[in-house]
Structures are given as C-alpha cells and as structure tokens.
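Trainee: Let me begin by handing over the structure; questions about it come next.
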Amino acid sequence: MDDALIISRGLARRYNVGKTVVAALSGIDLAIPRGEFAALVGPSGSGKSTLLNLIGGLDRPSGGEICVDGLSLGSATEPQLVRHRRARVGFIFQSFNLLPTLTALENVESPMVLAEVSRSERLARAAGLLESVGLAQRISHKPNELSGGEKQRVAIARALANRPSLLLADEPTGNLDSKTGSAVLDLLCNLVRQNGLTLVMVTHDPEVASRADRIFHLRDGSVQHVDNRRKPEAPA
C-alpha cells in the first residue's frame, strides 16, 4: 500500500511471566493509509493496546517489523523513538491523564515545553486549540473543575499540541456517558478530517468502531479479519 503511514509485517510481542512466555501479539500484518480512521476491536487480551503501544513507540516488538512514516520502530534508537513520540504522535487516553495541578491551558501547553517551543507560541497555540474544541471559556480551569467531556476535550487539544500526523486513542469515550462520548467522537473525527490526520483507536464499542474507515478485528494476538468501510472516491 503506497500511501500507508503504518505498516507491520510479522509483528510479535512476547512477555516473560515467570517461566512462562506469553504471546500478546503473533504475526500481525497490517497497513493503515495516511488520513484514515482505523479502529482496533476485539475482546480483552486480544492485543489491541499492545499494538497501539508499539505503534506509538512506547514499547518495542519481540519479532517482525513495524514502520511508521518510514521509521522502523524495532530498530530505532532511543532518541529516534523520543522524537517519534514527541513530534509525530499524539496520545489520547481513556482516563484523560491530565495533570491535576495545571489549568486546561497549562495542560495543553505541557507537550510544547518538551518540544522547546517558545512560551509566546505555546500560549497562543494552546489557547487556539482549546478554542477549537469549544473550551475557550475554560482555559483557566483545573481538571477537578471540568466535566468528563471537558477533560477529554482538553486531552484532545493536548494531543494536537505538537502538530502530530498520527493520533493514537485508547478507549477515549470509555469513561463518558453515551451522549458525551458521541459528542467527543464527533469532535475528534472532525478535527482529524480538518487536519488530515491518521487516527488509530482502540475501542470495545461497536458504534464507535462503525465510524472508522477500516476496522481490524483482533483475537488472541492476531488480526482475524479487516473491514474496509471507506467509500471509494467518485471520479473527477
């Protein structure tokens, strides 16, 4: 697939638990094109979060290969992985992972500090991102002053702070009620389309997965089948 941002071949991840070797992933082959929303679905223990962590450079494979935007993450140096996580990838978590002592603005600003963006640009970009997720009036509020939906909106804004090409989301609507979760998903899908991003999302929710362009069904560490839901573009 020539336009693939993410490619894996024979990807494996094994863990030693005492004297037992546990295979979390076994021979994963997949390709995710740029600009697509891909959903990873399957029962608990199927390897969804392990695969997401490997794509994000948070873990290394035990075998096979995974490349993101031409970078082989298995053989990458640690500085290359740091740059991958900092500049190429935005992470969104089920539990929000906001820093409780920081305001919404400061939480969104925090990844840019690590990227050594100037303070004036950090503040301007963070304020603009919070406005884009509908929180312009909440920038000075801390997480304990925000609703669950507002916290996830801050987390989405933070994930976009360093202008990544790839968003990785692990059950981003899992801690939200259905109405709030639907609104957050709408926002996320719109932002992805507007910015031309690739989104890979772990979800147990079939309604969330139905919004994806491509659904990878995992079981026992393997891809069982793939649903390609993207409609072909009409000829010009």
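Trainee: Only one residue in Val200, Val113, Val184 is modelled with pLDDT of 95 or more and either outside any helix (DSSP H, G or I) or not small (Gly, Ala, Ser) (or both). Which one?
Mentor: Criteria check complete, one pass: Val200.
Trainee: For the list (1) touching a residue at least 40 places away in the same chain (Cβ under 8 Å); (2) open to solvent by less than 50 Å² (accessible area, probe 1.4 Å); (3) in a loop (DSSP other than H, G, I, E, B), I need the number of the one condition that Gly74 fails.
Mentor: Tallying (1) touching a residue at least 40 places away in the same chain (Cβ under 8 Å); (2) open to solvent by less than 50 Å² (accessible area, probe 1.4 Å); (3) in a loop (DSSP other than H, G, I, E, B), Gly74 fails exactly one: (1).
Trainee: What's the number of the condition Ile156 fails, among (1) of a type in the set (A, V, I, L, M); (2) more than 23 Å from Thr50 (Cα to Cα); (3) in a helix (DSSP H, G or I)?
Mentor: (2)
Trainee: Taking Leu123 as the residue in question, decide whether it is touching a residue at least 12 places away in the same chain (Cβ under 8 Å) and either over 28 Å from Asp69 (Cα atoms) or touching a Pro at 6+ places or on another chain (Cβ under 6 Å) (or both).
Mentor: Answer is yes for this residue.
Trainee: Continuing with the same structure: With the requirement that a residue be open to solvent by 40 Å² or more (accessible area, probe 1.4 Å) and of a type in the set (Ser, Thr, Tyr), what does region 48-71 give you?
Mentor: Within region 48-71, Ser49, Ser62 qualify.
Trainee: Further, regarding this structure: Looking at region 86-125, which of its residues are open to solvent by less than 30 Å² (accessible area, probe 1.4 Å) and among the charged types (D, E, K, R)?
Mentor: Hit for region 86-125 is Glu109, nothing else.
Trainee: Okay, moving on. Identify all residues within region 131-158 that are within 16 Å of Val192 (Cα to Cα), open to solvent by 40 Å² or more (accessible area, probe 1.4 Å) and basic (Lys, Arg); write none if there are none.
Mentor: Residue satisfying the conditions is Arg153 alone.
Trainee: Output the number of the condition that Gly128 fails; it satisfies all remaining conditions of (1) assigned to a strand (DSSP E or B); (2) open to solvent by 30 Å² or more (accessible area, probe 1.4 Å); (3) within 13 Å of Leu191 (Cβ to Cβ).
Mentor: Evaluating Gly128 over (1) assigned to a strand (DSSP E or B); (2) open to solvent by 30 Å² or more (accessible area, probe 1.4 Å); (3) within 13 Å of Leu191 (Cβ to Cβ) leaves (1) as the failure.
Trainee: Limited to region 131-149, what total is found for residues that are assigned to a helix (DSSP H, G or I) and either without any contact (Cβ under 8 Å) to a residue 12 or more places away in the chain or over 21 Å from Gly181 (Cα atoms) (or both)?
Mentor: 4
The values are calculated or read from the model by the stated rules, or taken from the named source; none is laboratory data. Quick caveat: nothing in here was measured; it's all calculated off a predicted structure. Cβ sites come from the backbone with ideal geometry, for glycine too, and all protein chains shown count toward neighbours. Surface areas here come from the heavy atoms of the whole protein model, side chains and all, with no ligands, DNA or RNA. Shrake-Rupley method; radii C 1.70, N 1.55, O 1.52, S 1.80 Å.
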